[in-house]
1. Among the residues of region 149-183, count how many are of a type in the set (Ser, Thr, Tyr) and surrounded by fewer than 17 Cβ atoms within 10 Å (Cβ to Cβ).
2. Of all residues in region 86-122 being within 11 Å of Phe172 (Cα to Cα) and away from the ligand (no atom under 16 Å from the Cβ), which is surrounded by the most Cβ atoms within 10 Å (Cβ to Cβ)?
3. How many residues are surrounded by 14 or more Cβ atoms within 10 Å (Cβ to Cβ), more than 16 Å from the ligand (Cβ to nearest atom) and assigned to a strand (DSSP E or B) when one looks only at region 49-73?
4. Mind checking which residues of region 150-179 are among the polar types (S, T, N, Q) and touching a helix residue (DSSP H, G or I) at 6+ places or on another chain (Cβ under 6 Å)?
5. Answer yes or no as to whether Ile67 is of a type in the set (Val, Ile, Thr) and touching a Leu at 6+ places or on another chain (Cβ under 7 Å).
6. Name the residue, out of Glu191, Glu158, Glu82, Glu185, that is touching a strand residue (DSSP E or B) at 6+ places or on another chain (Cβ under 8 Å), acidic (Asp, Glu) and within 15 Å of the ligand (Cβ to nearest atom).
7. Name the one entry in Gly51, Gly77 that is of a type outside the set (Ser, Thr, Tyr), within 30 Å of Lys166 (Cβ to Cβ) and assigned by TED's automatic domain parsing to the domain that holds Tyr135.
Amino acid sequence: MRYLTYIFPLVFLFFTACGGGSDNQNQAQSSADTQATKSQSSDVRTINIIGVDQMKYVVEDENQQGITTGAKVGNDGMLKLETISADPGDKIRIQLTTQSQLPASAMAHNFILLMLSADVDAFNSAAIKAKDNNYIPSDMTDQIIAHTNLAAGGETVEVTFTVPEKTGDYPFLCSFPGHYAAGMEGTLNVE
Ligand SMILES: [Cu+2]
């Protein structure tokens, strides 16, 4: 009987090794996605973003639904995230991972989505002084639609929100000091 312990992992290995090529896997994945969309109208679209030491939001997969990208950042071929497009009422989950070897005090990122009417420069200036509140200015929270916590190197944070009904270009930024000025920002285009 004790040999079963060794046989089961081998059987697993066998099936894994016989799995189809990556094309087949992608097809299976996309059809699974379609089915999920059909069966659940309240589906949440997840967008994976990486925060890098160059103080930019970048993406590993530029083919994620509804995003546009710009210049290459760093040597890993990752592209700067420029915009996220969404329909009013969409549910979006932002997952932000920080890639850094630096300590949290020197390098961390967040994702803050502001109202259409927000003054981004003023918000950012206030945020820099709000270190004790993780760079969220407590007297300007009425300008925030959604935000993550800070993610230090190796950490992932996320926030899920419903896209506003009013169309327009909503600004988002990282409020860690210096990052917005360095280009860690973009827009959510609601159309
Ligand atoms: Cu940042």
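1. Of all residues in region 149-183, those of a type in the set (Ser, Thr, Tyr) come to 156, 160, 162, 167, 170, 175, 180.
Adding the requirement that they be surrounded by fewer than 17 Cβ atoms within 10 Å (Cβ to Cβ) leaves 156, 160, 162, 167.
The number of residues fulfilling the criteria is 4.
2. Step one: of region 86-122, the residues within 11 Å of Phe172 (Cα to Cα) are 110-116, 118, 120.
Now drop any that are not away from the ligand (no atom under 16 Å from the Cβ), which leaves 115-116, 118.
Details: Met115: 16, Leu116: 15, Ala118: 19.
Only one residue fits best here, namely Ala118.
3. The qualifying residues number 4.
4. Let us first name the residues in region 150-179 that are among the polar types (S, T, N, Q), namely 156, 160, 162, 167, 175.
Matches in region 150-179: Ser175 only.
5. yes
6. On the way: Glu191 fails: within 15 Å of the ligand (Cβ to nearest atom); Glu158 fails: within 15 Å of the ligand (Cβ to nearest atom); Glu82 fails: within 15 Å of the ligand (Cβ to nearest atom).
Testing whether each residue is touching a strand residue (DSSP E or B) at 6+ places or on another chain (Cβ under 8 Å), acidic (Asp, Glu) and within 15 Å of the ligand (Cβ to nearest atom) leaves just Glu185.
7. Values: Gly77 fails: within 30 Å of Lys166 (Cβ to Cβ).
Among Gly51, Gly77, only Gly51 is of a type outside the set (Ser, Thr, Tyr), within 30 Å of Lys166 (Cβ to Cβ) and assigned by TED's automatic domain parsing to the domain that holds Tyr135.
The values are calculated or read from the model by the stated rules, or taken from the named source; none is laboratory data. This one's a predicted model, so the numbers in the text were calculated from it and none came from an experiment. Counting neighbours? That spans all protein chains shown, and the Cβs are built from the backbone with ideal geometry, glycine included.
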